[in-house]
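All of the numbers you see were taken from the coordinates with simple rules; none came from a lab. All values derive from a computational prediction rather than experimental measurement. Reconstructed Cβ throughout: ideal geometry from the backbone, glycine too, with neighbour counts over all protein chains shown.
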């Protein structure tokens, strides 16, 4: 199968790190860790020590408990109500797969989508 290059992406790959003013940026302006610690007032050394001590594993599949708790606190809800994804693409893929499965179940008479 031959798939044609996505030309905008190829152009961005070529020029986005070489330009003076990146007016085609598709992401927010990224910060360095130093800038982030300066902005938040966080304890850089404590973070780096904890980070350096972590094992390099796949991590918590459903999100680290402290992350879920922090998000829940921010939105004044419980951690059980929080779902995290590694990217918007993953979230959309999960939603699409669930819809396909529910539609297939409904077509087979296993219940309506609303019941499932």
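Computed from the C-beta positions of residue 43 and residue 84, the FRET efficiency with R₀ = 30 Å rounds to 0.80.
Let a ≥ b ≥ c be the square roots of the eigenvalues of the Cα gyration tensor of the chain; is it rounded (a/c under 1.5), or, if not, prolate (a/b larger than b/c) or oblate?
On the way: a/c = 2.47, a/b = 1.22, b/c = 2.03.
Oblate, because a/c is 1.5 or more while a/b does not exceed b/c.
Given the rule -39500 (n - 2.57) for each run of at least 4 DSSP H residues, summed and divided by the residues of the chain, what is its mean residue ellipticity at 222 nm, to the nearest 500 deg cm²/dmol? Theoretical 222 nm ellipticity from helices: -15000 deg cm²/dmol.
Once the Cα-Cα distance is subtracted from the 0.36 nm per residue extended length, the residue 36 to residue 93 segment shows a gain of 17.4 nm.
Rounded, prolate or oblate: pick one for region 1-65, where a ≥ b ≥ c are the square roots of the eigenvalues of its C-alpha gyration tensor, a/c under 1.5 means rounded, and failing that, prolate if a/b is larger than b/c, else oblate. Please list the in-between numbers first.
Numbers: a/c = 3.31, a/b = 1.57, b/c = 2.11.
Taking the square roots of the gyration eigenvalues as a ≥ b ≥ c, region 1-65 is oblate.
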